[in-house]
Structures are given as C-alpha cells and as structure tokens.
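Structure first, then comments.
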2 protein chains.
Amino acid sequence: MSTIYQVSELAGVSLSSVSRVMNNHEHVSQRTKDKVRAAMEQLDYRPNFTARSLASSCSNSVGVLVAEISGPFYSDMLSGVESELSNANKHAVIISGGCNEQKEQEAIQFLIDRNCDALILCVDYVTDEYLTNLSKGSTQIVVINRYIESIADNCFYIDNCLGSYQATKYLIEQGHTKLAYIAGPQWKQDAVERLNGYKKALNDCNISLDDALIYEADYTTLGGRDAMLSFLKGNSPFSAVICANDEMASAAMRVAREEHVNIPEECSIIGFDNVYFSEYLYPQLSTIENPINAMARMAVQSVLKNKYNQKKITIQNRFITELIIRESTQAN
Amino acid sequence: MSTIYQVSELAGVSLSSVSRVMNNHEHVSQRTKDKVRAAMEQLDYRPNFTARSLASSCSNSVGVLVAEISGPFYSDMLSGVESELSNANKHAVIISGGCNEQKEQEAIQFLIDRNCDALILCVDYVTDEYLTNLSKGSTQIVVINRYIESIADNCFYIDNCLGSYQATKYLIEQGHTKLAYIAGPQWKQDAVERLNGYKKALNDCNISLDDALIYEADYTTLGGRDAMLSFLKGNSPFSAVICANDEMASAAMRVAREEHVNIPEECSIIGFDNVYFSEYLYPQLSTIENPINAMARMAVQSVLKNKYNQKKITIQNRFITELIIRESTQAN
DNA sequence: TTGTAAGCGTTATCAT
DNA sequence: ATGATAACGCTTACAA
C-alpha cells in the first residue's frame, strides 16, 4: 500500500500539496493537481481511512443502535439509514442493543468509543434524561421513533396517536361500534400513544370504553394470540379489532380462523406499521402505514446537515401515518 | 477526553507501561497495574479506537456486504453476524451491495479502504476469479451462501441441491407425481443448485421431466405470481408446486386462492428458506429450513479464529437443510 | 500557491 | 519490569 509520502515524492511536491488535492482544497494550481493525480493513479494510491480519522478527528462513520437487526420494522429502518449514508460516502456501524437499560447504555458507549461522528438511536430502555445528557457531549445524537421534548430537533417520530385514531375512526365510520384493541406494552411510549389514539376516536364518536375489549400484549405474535383468545372467550361482543402492530394483527387473524370466525365478514382486523409481509397475509391486512424508511433517511439527512455540513435541506421531525385499506376490514 | 499520556502522568509511569496494562501484556508488576488502573478510573480514560487502529494496523472491525439489508433472509443473516461479532467485541460495518458487478466491486473496495480486518461477503455478481484473487490480499475474505472451490475453506454454504431434493422427494412419497417447480434466476448459483435437486429427485423416482412445469422466476413475489399463473393456464396438470424460495411460494398460494384452487387439498405448495413469516401465512407454509443464521455465526467464528486468533473452534463450511412440514402440503 | 513541521493517540522496538 | 523514542499515515496551522 502506498502512502501520501510516496505520492508526494513521485509527483515532486510536498505532503501538504497531496493532502490538499485529495481533499479538494481551493488554491491549488492545476499543474500540481495534475502531477498529484497522475502519481496517485500510477501508484494506485488509496487514502488510509484510519490515519485520516485520527488526524482530522472525524471518522466519517455513524453508529446505529437498534433493538434488533432482523424483524421487518427495524430492518426497513436500517435499510434506509444505510443507503442514505452510503450515498453520502459515510458508513454505518450497526449494533443491536440489549434488552435492558444497562445493555443499552453499554451499546451506546461502545459506539461512542469507536469514534463515531454521530449516533442514530432507536432505543427503549434508557431514560429521556440520559439521552438529553448524551446530546450535550461531542457526539451528535439523533433519536428515531421517540419524542423527547428537550432535544426535539434531534427526534424523528410519527404521530402514533393519529395513526390508531385513523384506524379506529375508519372502522367506526364503517359502522362498527364494538371495537376491541390489542395494545403494545405500555412501558413503551409508542404503545401508549397508539392506545390513546384508539381511546380518543371512541370518545370523539361517543362510544364508551369497555376495558374488557382492551388487552395489553407485547407486540409479538404470541401476545396477539393471547389477546384475541381473551376477546373471543370474553363476554363483550365485538365486530372489529384494532392492533397496535402488524405482527399481533397477523396472530389475531390466525386465531380467528382457528375459532371459525371469518375475517372480515364476522370481524374486521386492522394492523399498524404496514410491514412488507402484511400484503402476503390472507386476507391481506388493512393497516396504518408507518413511514419508518423515510424517517430513517431524514434522520441521516439531519446528521449530514449538522455534523458533515452538507446540503441545506429542510428537516422534518414529525411524520404522518396513512390508512391502508386491504382485505381484512369491511363495513358492519 | 483524556489520553494515555495523562494517565501515565497521573500514575507516575511511562506511556508504554500504560499501554501494556491496557493490552494485558505479561511482565507488568502488580504495583504498576494498580497505579495505572486507578489513574484510568480517576480520569475516566477511554482508549482512542482510531489511534489504536493506526498504530496496530488492526481496526477490530469487519465489513459485511449483502445484497440488501432488509428482507427476511438477509436480515436474519446480518443479525447472526452482528451478534456474534459484538460478543467478541468487534464491530460490523454493514453496507448493501449494488445490483451489478461494478457496484459490487466498488462496495468491496469501500470496505477494504475502510481498513476492515476481514470481509464477510454475500455477493452474486462478482466472479469466482475476482473473489479468489481478493483472498490473496491482506484482508481476509469470507463468503456466505456460495461455494468457490479455490477458496473452499472460506466459504459457508448450504447444500441447496439436497434441500429441494428433500422437498421434492417428500411430495413424491406423499403420492404426488405431477410436480411443478418455480425456479430462481438461473444466473445465481443457488438457484441452479436448487433446480438440480428437484430434477434429481424426479429422476431418482423415475418421473419424467416436463419442461412446461418448470418456470424460471426471480425469487420475488411478482415472479412467483407469474409462474403460478403460467402453470394454471398451461396444459400440464399438476398436484404440487415446489418453490425455490418462500416469497415465491407465498405468491403462488395467493394466486391459487384467487383462481379458486384450494391449498393443500387441490394443490400442495412447498417453499425454501423457512423465513420467519412463513408461519404467518395461511395456510402455514411447508418449507425447507435454511440455517442462514447459524452459517453467519460460523462465518464470524472463522474470522475470529483466523484473523483474531481466537478460540480454536472447529469450523464447519457446509450446512444441511431440513424439511419443515406445515399446512400447505398434503398427501395426494 | 506551496512547503515545513507539529501534532492526532496509540503501539512497538529497543535499550536499560 | 520499565522507559525512551520512533513509527502509523494523515491534517493543518504557519511560514515562505
């Protein structure tokens, strides 16, 4: 591997001139540029990434922390982050966080220690306060899928409440009046907000809340299964069930089938997130589009703008959900 | 941020001693260790990752290149790679390759330029020769999901032929004699092998090949859809269809439903890969388990062993598929 | 516009 | 066992 020094020798110029050419500095004569470029070509010179990082204290890499790598939701997000980063010639150091506060903090520290210029975080366990504090450090922090008032400009999130409001309102407009809700774990912000949207819609339409028709599950198919079973075995009749995510909705559909209740004829089901497999299901799942990929891309844009001084695009922090009607819902 | 220098001052020892303690060198007195550790603690010292990389020419990071980040198959692989790497305190630099040879080469070069110690590659476009050559360089190369004879020890792959042989044989044993096959794109090695397994099973059972019952699709739902439609509209009757992956199988099931052919009563369908959503489908998809996650972990182990001199575990290069029977197949 | 030289924070080779 | 000191390959004042 040749170094900047060898290039400078071959080109007959100084180290700094080579560096200037590499970094496209102004005030370099065409003649120097040409000589340097020719020498680089001849030596098949490749800048040493690590040395540049050390000297410039900029690693051109951003750390990404998510709860898990696989899973339709996170992988869609990662995909957006990675592609946007690659386009800008930065790279992503991706790790998956643990399942408790300490692990999450360690993961963040790991990324900081690796000299990432910025961090894109999708975290559930660390506190708002911790993240706020972190933001005061030299590593830029950006948070996806969570709203923290004190660092609002660095948060990218959807209006979860609006999302389930849209779903619930739609079903009510379709004539449903007995609506069940399968909630996500209530220690997660988004799960609480989604439940609120459901409640708000019922309230706006003067439908009273029936606690027996709300089941707190955990966003997994197992949870969705238990929830649906509980509704079916309960005493409160219902003609529709709104789910806090698509996984639980898919489980609810399966349980319905096992118990011989036809979807959507006897019961409408709607999900949340619009993960890609929701159209593979039978019936295809009606759901709420969650623009996670776009959010991820925007988060990267914000990093590019703030940390890498790139193009002055306008940053949007709040994203809007959208109703997707497929086959799993119908009028009552 | 404090440096090794400040630690050495506070501890009253030299730079080298601090370095030695950090790296757990032998021949360091307990007294020195204690002093250094205390000083580190007091200063909340964190080693500078970049400086270490430069000085030691070891970045402790491995580059991972996949065709795409999302998608059930790749994300399962990435998940395995990342977790295994994190456990070893290494990190993953993940990028997604392009959709042609040049882009793929660029992506690889990108990773090499970033001083990755090793590369884990899941690539389709670059040639065997290119990869063989690459392996001669200083960056260790490991290939997942592809077998290249000249660098066999660095390849991790499943027996694709066996996989579809298992599927086909099973259906034949269940009494099916007219079996259609939805193939993957034949410029991909795994797609060819999978098709071969099907042919071999037919041959072993003395069932003659009907070209009208083989359709080359592209591993996507759209392709699977076209394939199934073509079979249904063709003149060759069939009672089972074997698909080269689960996405196409899910599409085939949907088309069947649209055309009012009951699965599995009128037609058995089997997939390949056992991606996680295959059990969400209705009917749940029978398929071939592809141990991609295990393969990914093994690939990391091989890197740990060869590049980072870690534990002498035995490396396994070839992985075996397994028949998973669910609801989409039945006896004929 | 170009060159000189001092870092950047480590590791690693020598002596001692 | 410990300490100087020279790399590692580049960036960046500062000087010319």
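Coordinate-derived values only; no laboratory data. None of the values given here were measured: they were computed from a predicted structure. Methodologically, a virtual Cβ is constructed for each residue, glycine included, from the backbone with ideal geometry; neighbour enumeration extends over all protein chains shown.
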(message) As a test of the formula, what do you get for chain B when each DSSP H run with n ≥ 4 contributes -39,500 (n - 2.57) and the sum is divided by the residue count, at 222 nm and rounded to the nearest 500 deg cm²/dmol?
(response) -14000 deg cm²/dmol
(message) What are the extents of the Cα atoms of segment A:249-294 along their three principal axes, in Å, largest first?
(response) 39, 14, 12
(request) Could you tally the net charge around B:D226, taking each other residue with its Cβ under 12 Å from the Cβ of B:D226, Lys/Arg +1 and Asp/Glu -1? (result) 0
(request) Give the distance, in whole Å, between the Cα centre of segment B:247-284 and the Cα centre of segment B:78-107. (result) 32
(message) Using only the Cα atoms of segment B:1-92, what semi-axes does the equivalent ellipsoid have when each is the square root of 5 times a gyration tensor eigenvalue? Give whole Å, largest first.
(response) 37, 12, 12
(request) Evaluate E = 1/(1 + (r/R0)^6) for A:Q186 and B:S150, where r is the Cβ-Cβ distance and R0 equals 41 Å; express this FRET efficiency to the nearest 0.05. (result) 0.15
(request) Determine the shielding of peptide A:269-277 by partner chains: average, over its residues, the number of Cβ atoms on other chains within 10 angstrom of each Cβ. (result) 2
(message) Quick check for me: using +1 on Lys/Arg Cβ and -1 on Asp/Glu Cβ, what's the dipole size of the protein assembly as shown about its Cα centre, in debye to the nearest 20?
(response) 2440
(request) Could you grab the Rg to Rh ratio for chain B? Cα atoms only, Kirkwood for Rh. (result) 1.14
(message) Measuring nothing but label to label, 7 Å from Cα along Cα→Cβ, what are B:E9's distances to the other copies in nm, shortest first?
(response) 3.7
(request) Determine the percent antiparallel among the DSSP beta bridges restricted to chain A, to the nearest 5. (result) 10
(message) Per 0.36 nm of contour for each residue apart, how much would the distance between B:R46 and B:S230 grow if the chain were fully extended, relative to their Cα-Cα spacing?
(response) 60.0 nm
(request) Please report the Cα spread of segment A:187-237 along all three principal axes, rounded to whole Å, starting with the longest. (result) 31, 30, 13
(request) Starting from the Cα of A:K199, step 7 Å along the direction of its Cβ; do the same at B:N196; then give the gap between the two resulting points in nm. (result) 6.2
(request) May I ask you to derive the FRET efficiency for A:L222 and A:S138 from their Cβ-Cβ distance with R0 = 30 Å, giving the value to the nearest 0.05? (result) 0.10
(message) I want the antiparallel fraction of DSSP beta bridges within the protein assembly as shown, as a percent rounded to 5.
(response) 10
(request) Could you estimate the translational diffusion coefficient of segment B:20-72 from the Stokes-Einstein equation, with Rh from the Kirkwood formula over C-alpha pairs, at 20 °C and 1.002 mPa s, in whole µm²/s? (result) 150
(message) Suppose you put the label 7 Å out from Cα in the Cβ direction; list, shortest first and in nm with one decimal, how far A:S138 is from each other copy's label.
(response) 2.8
(request) Answer with one residue from B:C155, B:G184, B:L232: the one whose Cα lies farthest towards the positive end of the charge dipole of segment B:143-241, charges on Cβ with Lys, Arg +1 and Asp, Glu -1. (result) B:L232
(message) Given the C-alpha atoms of segment B:234-332, compute the convex hull and give its volume per residue in Å³.
(response) 118
(message) Quick check: net charge around A:N203, other residues with Cβ under 14 Å of its Cβ, Lys/Arg +1 and Asp/Glu -1?
(response) +1
(request) Provide a whole-number value for the mean count of partner chain Cβ atoms within 10 Å of the Cβ atoms in peptide A:93-106. (result) 2
(request) Past 26 Å, Cα to Cα, is the threshold; run A:K103/A:K136; A:K33/A:K305; A:K178/A:K233; A:K90/B:K305; B:K103/B:K188 against it and keep the listed order. (result) A:K33/A:K305; A:K90/B:K305
(message) Once each part is reduced to its C-alpha centroid, what is the distance from segment A:115-140 to segment A:285-332 in angstrom?
(response) 21
(request) Report, as an integer, the average count of C-beta atoms from other chains found within 10 Å of each Cβ along A:241-254. (result) 1
(message) Which one, B:L85, A:L285, A:V275, projects farthest toward the positive side of the charge dipole computed for the protein assembly as shown from Cβ point charges (K/R +1, D/E -1)?
(response) B:L85
(request) May I ask you to list the aspartates and glutamates whose Cα is less than 15 Å away from that of B:K311, ignoring any residue fewer than eight positions away on the same chain? (result) B:E84
(request) Give me the compactness ratio for segment B:120-217, meaning the Cα radius of gyration over 2.2 N^0.38 Å. (result) 1.31
(message) Given Cβ point charges of +1 (Lys, Arg) and -1 (Asp, Glu) and nothing else, what value in debye, to the nearest 20, does the dipole of segment B:34-112 about its Cα centre take?
(response) 420
(request) Please list B:216-226, A:38-48 highest first by mean number of surrounding beta-carbon atoms within 10 Å per residue. (result) B:216-226, A:38-48
(request) May I ask you to report, in nm to one decimal and beginning with the shortest, the distances from B:E327 to the same position in the other copies, taking label points 7 Å along Cα-to-Cβ? (result) 1.4
(request) Give the residues of segment B:283-309 whose amide nitrogen is closer than 19 Å to a point set 7 Å from the Cα of B:I207 in the direction of its Cβ. (result) B:286-289
(message) Please compute the contact order of segment B:82-161 in relative form: average sequence separation of alpha-carbon pairs under 8 Å and at least six residues apart, divided by the residue count, as a percent.
(response) 20
(request) Could you calculate the FRET efficiency of A:A38 with A:S16 from 1/(1 + (r/R0)^6), where r is the beta carbon distance between them and R0 is 25 Å, rounded to 0.05? (result) 0.90
(message) P(r) for the protein assembly as shown, please, calculated from all Cα pair distances in 10 Å bins and given in %.
(response) 3, 14, 21, 23, 20, 12, 6, 2, 0
(request) Determine the dipole magnitude for segment B:165-210: charges of +1 sit on the beta-carbon of Lys and Arg, -1 on that of Asp and Glu, nothing else is charged, the reference point is the Cα centre, and the result goes in debye to the nearest 20. (result) 60
(request) Give me B:M22, B:M248 ranked fewest to most by other Cβ atoms within 10 Å of their Cβ, as a rough exposure proxy. (result) B:M22, B:M248
(request) Over all alpha-carbon pairs of segment B:45-144, lay out the pair-distance distribution in 10 Å bins, whole %, shortest bin first. (result) 15, 47, 30, 8, 1
(request) Within segment A:115-147, which residues have the backbone N less than 12 Å from the label spot 7 Å out from A:E101 along Cα→beta-carbon, could you tell me? (result) A:125-131
(message) Can you compute the equivalent ellipsoid semi-axes for segment B:136-279, i.e. the square root of 5 times each eigenvalue of the Cα gyration tensor, sorted largest first and rounded to whole Å?
(response) 30, 17, 13
(message) As a footprinting exposure proxy, order B:T287, B:T132, A:T168 by other Cβ within 10 Å, with the fewest listed first.
(response) B:T132, A:T168, B:T287
(message) Only sites in a loop by DSSP and with at most 15 other Cβ atoms within 10 Å count here; which trypsin sites (Lys or Arg not before Pro) in segment B:268-316 make the cut?
(response) B:K311, B:K312
(message) Net charge around A:Q186, counting only other residues with Cβ within less than 14 Å of its Cβ (Lys, Arg = +1; Asp, Glu = -1)?
(response) -3
(request) Just need the relative contact order of chain A here, percent rounded to a whole number, with Cα pairs under 8 Å and 6+ apart. (result) 16
(request) Given the options B:V28, B:V81, B:V142, state which has the largest fluctuation in a GNM of chain B using a 10 Å cut-off (strictly under) for Cα springs. (result) B:V28
